[in-house]
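Peer 1: One structure, as structure tokens, below. Some questions next.
What follows draws every value from the coordinates through simple rules; no lab data is involved. The structure presented is a predicted model; accordingly, all values stated were derived computationally and were not measured. FYI the Cβ positions are ideal-geometry reconstructions off the backbone, even for glycines, and counts take in every protein chain you see.
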Amino acid sequence: MPQLTCIDPNDQAIDVTFEPGETVLQATYRAGVDGILAECGGGCSCATCHVILNADWDGTLDAPSVQEADMLSFAIDPTPHSRLACQVQLNDKHDGLTLTVAKRQY
Amino acid sequence: MKIGIVGAGQAACTLIAELIRGQFDGEIIVFNGESHSPYQRPPLSKSWLADPTETESLRLLPEPIERHHSIQWIQSQVKAIEPDHGVIVTNNVSYTVDHIVLATGTRAKKLSIDGLSSEKTHVIRTLDDVMSLTSALDGVANIAILGAGFLAFELASSLKHPTRTIRVLAKGIRALPQISVKAADRLLDATPASIRVGVTVERYDEDNAALITNHGPIPADLVIMAIGAEPNIELAHACGLAANEGIPTDAYMQTPHPRVSAIGEVSLHEQPHLNQRIRIESISEANDTASTLAKRLLGQPEPFHATPWFWSDQGDLKLQIAGLSARTDEETVLINSETECVVIRHQGDRVTAIEAVNAAKEFMAARRLFEQGTISLENLLNAGSVFSLLQSSRS
Ligand SMILES: Cc1cc2nc3c(=O)[nH]c(=O)nc-3n(C[C@H](O)[C@H](O)[C@H](O)COP(=O)(O)OP(=O)(O)OC[C@H]3O[C@@H](n4cnc5c(N)ncnc54)[C@H](O)[C@@H]3O)c2cc1C
Ligand code: FES
């Protein structure tokens, strides 16, 4: 199975396997990666699933929707590489990539 | 300390997750009255219904938390509790705990209609309900949805299909009465359902597959009842801890009995945002009451102080509400562009809620402002948008 490396808020690296088609939230949440709260369960309404993607992700994803970008602007310290884990759908191209969970979700 | 949690829904699972994350050093016994491991309800009427895949995607608890050594899962309905002795009784076993948490949620209301068989009657509260609906959809050309709240229109969007006609039948004089007329219009413009208001159902005519109503016959191969929910208060009622409309608690989710707490949408407590004791049915209420109780059980009590918020997806439209309004609150339109619609609900100058359609920034700004205190209508109108008001409050 393809996998991601997730750096949690305690700077621990955790390997997370995923099924293509799943969202980053589904994969990381199932694995119990610390620091992802996802209060709305993927409804793009809470901004507590904030992750920061490494540069290797560039070109593998469509830009965030207006809705996602608006929600992200209320995350704590968003960066240009910030995304909401519930809005990023994974495919085979993402095998081996790394992301960092935001230090704080609110 | 041993905690027994009755119910394994949203509030129970948030409590469990926060206790585990907070290094709770006692034991937790959870009584799950459903036959599935804990799952999320909101997708049941939205994305999941539109495209039912495996149930894993509905998972409510991270695997390491669900399997945590301090948790014991009992797949059984609780039949009774005895608060004085800390006893929880299932079909055949009694368990003794130090503290009982009632997180029993609500159940869908059902109307009995003359002539309508149970196979043709559906409600949407549980995963089993949705599975039974999806397995009954083959060859169905006419769906009637009774009730005209968020659930009804989410269902209509998710069940949209070229071969199906979906009719939403409202008893009252308007659809989506929970929100402003303006915000409701935006959502209703996009609904695939046709809407009838002021409908009273008399009976079901099996031979012609139609509901007989005061508006004449309405074709219905199946009927979905989305007419609201009633709280599961029987366990509390049997020991004198329930009021008709819920299980009353203080601001720390404690019932009058020292061994019993109640969380989630069954709990009835003071909502500081409204200065009112009411029961709220939403994920934010489930999560915030659970967090309040978790803090108390972890020895860091803080009174409930959250502002309610809510969202609903109808196809491509996303409604987000910060705060909570009464149906009688006034409405003033703040933004109404081709893409966005933002309506202020208020009682005089005091803003009670912001209803945002496809306007996430306004919704989030409103949540932040409500966390800081009250919002004045005049200030908001002068600022022109919730976002600008938030920015000016920060500078
Ligand atoms: C289809 C649908 C869509 C929704 N969409 C949204 C949305 O978009 N946004 C939003 O904010 N909210 C939404 N909600 C509401 C939200 O899901 C609820 O407010 C939330 O689940 C309440 O959590 P709870 O833990 O209080 O109750 P529940 O999640 O209902 O959990 C209670 C559990 O207790 C169990 N139980 C009851 N009695 C017993 C007993 N005696 N023994 C053992 N177990 C028992 C029940 O079977 C149930 O599993 C939606 C609800 C539904 C049904
Ligand atoms: S889970 Fe709430 S926005 Fe992603």
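Peer 1: Partner chain Cβ atoms within 10 Å, averaged over the residues of B:355-362 - can you pull that number for me?
Peer 2: 4
Peer 1: If you count, for each residue, the other Cβ atoms within 10 Å and average over each peptide, how do A:93-104, B:178-189 line up from highest to lowest?
Peer 2: Ranked from most to least packed, the peptides come out as B:178-189, A:93-104.
Peer 1: With both bridge residues required to lie in the range B:164-309, what share of the DSSP beta bridges run antiparallel, to the nearest 5%?
Peer 2: In the range B:164-309, DSSP labels about 70 percent of beta bridges as antiparallel.
Peer 1: Using Cα pairs under 8 angstrom and six or more residues apart, how large is the relative contact order of chain A, in percent?
Peer 2: Computed over chain A, the figure is 42 percent.
Peer 1: Spin-label point model (7 Å from Cα, Cβ direction): what's the B:ASP25 to B:GLN276 distance in nm?
Peer 2: Label at B:ASP25, label at B:GLN276, 4.4 nm between them.
Peer 1: Take the cross-link list A:LYS103/B:LYS46; B:LYS46/B:LYS361; B:LYS2/B:LYS295; B:LYS109/B:LYS171 and give me the ones stretching past 24 Å between alpha-carbons.
Peer 2: Violating the 24 Å Cα-Cα cut-off are A:LYS103/B:LYS46.
Peer 1: Please work out how much length the chain gains when fully extended from B:LYS109 to B:GLU202, using 0.36 nm per residue of separation minus the C-alpha to C-alpha distance, in nm with one decimal.
Peer 2: Contour length minus the Cα-Cα distance gives 31.7 nm.
Peer 1: May I ask you to order B:120-129, A:2-11 by the average number of other C-beta atoms within 10 Å around their residues, highest value first?
Peer 2: Most protected by this proxy first, the peptides run B:120-129, A:2-11.
Peer 1: Please compute the net charge surrounding B:ALA262, taking Lys and Arg as +1 and Asp and Glu as -1 over other residues with Cβ under 14 Å from its Cβ.
Peer 2: Cβ neighbours under 14 Å give a net charge of -3.
Peer 1: What does the extension gain come out to for B:THR134 and B:ASP185, with contour length at 0.36 nm per residue minus their alpha carbon separation?
Peer 2: 15.5 nm
Peer 1: Oh, and also: Work out the FRET efficiency for B:ASN91 and B:ALA243 from their Cβ-Cβ distance, taking R0 = 25 Å, and round it to the nearest 0.05.
Peer 2: 0.35
Peer 1: Label chain A by shape, choosing from rounded, prolate and oblate, from the square roots a ≥ b ≥ c of the eigenvalues of the Cα gyration tensor; if a/c is under 1.5 it is rounded, and otherwise prolate applies when a/b is larger than b/c, oblate when it is not.
Peer 2: rounded
Peer 1: What shape does the range B:296-343 have by the C-alpha gyration tensor, where a ≥ b ≥ c are the square roots of the eigenvalues, rounded means a/c under 1.5, and otherwise prolate means a/b greater than b/c and oblate the rest?
Peer 2: Taking the square roots of the gyration eigenvalues as a ≥ b ≥ c, the range B:296-343 is prolate.
Peer 1: Sequence gap at least 6, Cα distance under 8 Å: using those rules, report the relative contact order of the range B:316-390 to the nearest whole percent.
Peer 2: Relative contact order here is 29 percent.
Peer 1: For A:PRO9, what charge total do you get from the other residues with a beta carbon under 12 Å from its beta carbon, if Lys and Arg give +1 and Asp and Glu give -1?
Peer 2: Net charge around A:PRO9: 0.
Peer 1: Can you compute the label reach from B:THR55? Point 7 Å from Cα along the Cβ direction, backbone N cut-off under 13 Å, restricted to the range B:82-102.
Peer 2: Under cut-off, by backbone N: nothing.
Peer 1: So, counting K/R as plus one and D/E as minus one, what does the shell of residues with Cβ under 12 Å around B:ILE113 add up to?
Peer 2: -1
Peer 1: Could I ask something else about it? Is chain B rounded, prolate or oblate when judged by the Cα gyration tensor, a ≥ b ≥ c being the square roots of its eigenvalues, rounded requiring a/c under 1.5 and prolate requiring a/b larger than b/c?
Peer 2: Here chain B falls in the oblate category.
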